[in-house]
1. ³J(HN,Hα) across the range 38-48 via Karplus (A = 6.51, B = -1.76, C = 1.60, θ = phi - 60°), whole Hz, x for Gly/Pro?
2. At 7 Å along the Cα-to-beta-carbon direction for both Ala62 and Lys34, put a label point, then send me their distance in nm to one decimal.
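Quick note: the coordinates plus some simple rules give every number you see, no bench work behind them. Quick caveat, the model's predicted, so the values are computed rather than measured. Please note: Cβ atoms are built from the backbone with ideal geometry, for glycine as well, and neighbour counts cover all protein chains shown.
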Amino acid sequence: MDTTKDQDEAAEPPTKVKSVAATILGEFFDTLEKEEGFGEIAPRLRKVVLEDGVFAEPTIRAALFSDAS
């Protein structure tokens, strides 16, 4: 029984799952951008999360509070 293969498959979600997550996050950022006060923040968050694929707190914080640095 080869458990290494099973562990590798479990570690990497299927491409379909990734596209569903990207779709949901994209819709969230679209809605967020329409909200008052988030028009400038939403595109920065979208870039960090969807394009760069970064979920680290310092990077997210920098996108949210770009003028605080």
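1. Once θ is set to phi - 60°, the couplings for the range 38-48 become 10, x, 8, 7, 4, x, 5, 5, 4, 4, 4 Hz.
2. About 3.1 nm, to one decimal.
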